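A.B. asks: One structure, as structure tokens, below. Some questions next.
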Amino acid sequence: MGEQAVTPTGPGDDTRPDPTGPAADGEGSGADGGGVDRAAPATGATTAGMTADGRPATSAGVPGAGMTADAGGTGTPRELTADLVPGPGGVMTDEVGVVTGELTLLTRYADGQVTLTVQYKDADEWYAVTGGTAKLADPADLDAVHTVAVALLHRPEG
């Protein structure tokens, strides 16, 4: 998103507060008498980059907003795990075929790619889930991919 400006569409279509409103007597803090100081934004106010008068918004100081560093960056591995019990048929892996029982799923993002691996709960060996690798353009999407993978694989009731 960027800045947005509200432009009057015709005569008398003013986007500012009514000049005859409560602040018209000069008691408002605004330079235009409308109770809002359009020249200096309020201290601590955040606008998410949008203003009604077309002036640039002040920085909201939101840590990591729009930054890939908080999401693990493109080169930094990021991992999520979940314990699960697959349904009938288990989970197919590249190395050992089908695994069943109590498993741990690892969803890992590194170098623009997401990879799903499983292990028997509390074991040392990890196995690649067959078909569990895909390109992922935005590392912030890792949470959604992990949530979907868990929802598909975790079937304790069968």
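A.B. asks: Please give me the summed charge of the neighbours of Thr130: other residues whose Cβ is under 10 Å from its Cβ, Lys and Arg +1, Asp and Glu -1.
C.D. replies: The answer is -2.
A.B. asks: Oh, and also: Once you have a ≥ b ≥ c as the square roots of the Cα gyration tensor eigenvalues for segment 113-158, tell me rounded if a/c is under 1.5, and otherwise prolate or oblate according to whether a/b is larger than b/c.
C.D. replies: Oblate is the answer for segment 113-158, as a/c is 1.5 or above yet b/c matches or exceeds a/b.
A.B. asks: Another question, if that's okay. Would you work out the relative contact order for segment 100-142, in percent, from Cα pairs under 8 angstrom that are 6 or more residues apart?
C.D. replies: 38
A.B. asks: Starting from the Cα of Thr100, step 7 Å along the direction of its Cβ; do the same at Leu152; then give the gap between the two resulting points in nm.
C.D. replies: 2.1
A.B. asks: Please give me the summed charge of the neighbours of Lys121: other residues whose Cβ is under 10 Å from its Cβ, Lys and Arg +1, Asp and Glu -1.
C.D. replies: -3
A.B. asks: A follow-up question, please. Kirkwood Rh, segment 82-142, all Cα pairs: how many Å? Can you show the working numbers first?
C.D. replies: Details: mean 1/r = 0.0833 Å⁻¹.
Taking every pair of different Cα atoms in segment 82-142, averaging 1/r and inverting gives 12.0 Å.
Values quoted throughout were computed directly from the atomic coordinates according to the rules given, and no laboratory measurement underlies them. Not measured: the values here are computed from a predicted model. Positions of Cβ are generated from backbone atoms using ideal geometry, with glycine treated the same way; all protein chains shown enter the neighbour counts.
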